[in-house]
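Chemist: Sharing a structure, written as structure tokens. Questions coming.
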């Protein structure tokens, strides 16, 4: 259950950044930003991720949960490829594999 919460926390963090990126795509005037639903959605995901992080820090060791936040990079890689048409390169895949391996080592 805690691992699932950690995965959800990292997904929320990645979605927060994704929607903030989407929200900055148009005009950058203050009035436009205040009416941009993507910025609010990004904020909601960031806050949800932070609340899950707090709950996890209460139940897990800091030296385990904090490095697990690197899983956010995995979600980001796939979200950027699917919705922003960014390329997944061999170098990016290698980086993700190293992250997964590191998290695996920490959680065992």
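Chemist: So how do 32-39, 57-64 stack up, highest first, on mean other-Cβ count within 10 Å?
Modeler: Output ranking for 32-39, 57-64: 32-39, 57-64.
Chemist: How do 21, 87 line up, fewest other C-beta atoms within 10 Å first?
Modeler: Placing the least packed residue first, the sequence is 87, 21.
Chemist: Testing the spin-label approximation: label points 7 Å from Cα along Cα→Cβ at residue 57 and residue 29. State their distance in nm.
Modeler: Distance between label points: 4.0 nm.
Chemist: Another question about this same structure. How much length, in nm to one decimal, is gained on full extension between residue 89 and residue 69, taken as 0.36 nm per residue of separation minus their Cα-Cα distance?
Modeler: 5.0 nm
Chemist: Next up: If you find the alpha carbon centre of segment 65-105 and of segment 1-55, how far apart are they in angstrom?
Modeler: Distance between centres, Cα-based: 17 Å.
Chemist: GNM, the chain, Cα, under 10 Å: largest mean-square fluctuation among 15, 79, 90?
Modeler: Result for the chain, Cα springs under 10 Å: 90 fluctuates most.
Chemist: Now, a different point. Expressed as a rounded percentage, what relative contact order does segment 1-67 have, with Cα pairs under 8 Å and six or more residues apart?
Modeler: Contact order relative to length: 43 percent.
Chemist: Still on this model: Just the C-alpha atoms of the chain: what Rg/Rh do they give, with Rh taken as the Kirkwood radius?
Modeler: Result: Rg/Rh = 1.04.
Chemist: Turning to a different aspect of this structure: Please check: in the Gaussian network model of the chain (C-alpha springs, under 10 Å), which one of 42, 23, 95 has the largest mean-square fluctuation.
Modeler: 95
Chemist: Can you give the FRET efficiency for residue 106 and residue 47, using 1/(1 + (r/R0)^6), R0 = 30 Å, r = Cβ-Cβ distance, to the nearest 0.05?
Modeler: 0.70
Chemist: Given the options 28, 12, 78, which has the most mean-square fluctuation in a GNM of the chain, springs set between C-alpha atoms less than 10 angstrom apart?
Modeler: Fluctuation is largest for 28.
Chemist: With angles folded into 0 to 90 degrees, how steeply does helix 72-84 sit against the dominant principal axis of the chain? Use alpha carbons for both and round to 10.
Modeler: 40
Here, each number is a calculation from the coordinates, and none is a lab measurement. Predicted, not measured: the structure shown is a model, and the values here were computed from it. Heads up, the Cβs are rebuilt from the backbone with ideal geometry, glycines too, and the neighbour counts pull from every protein chain shown.
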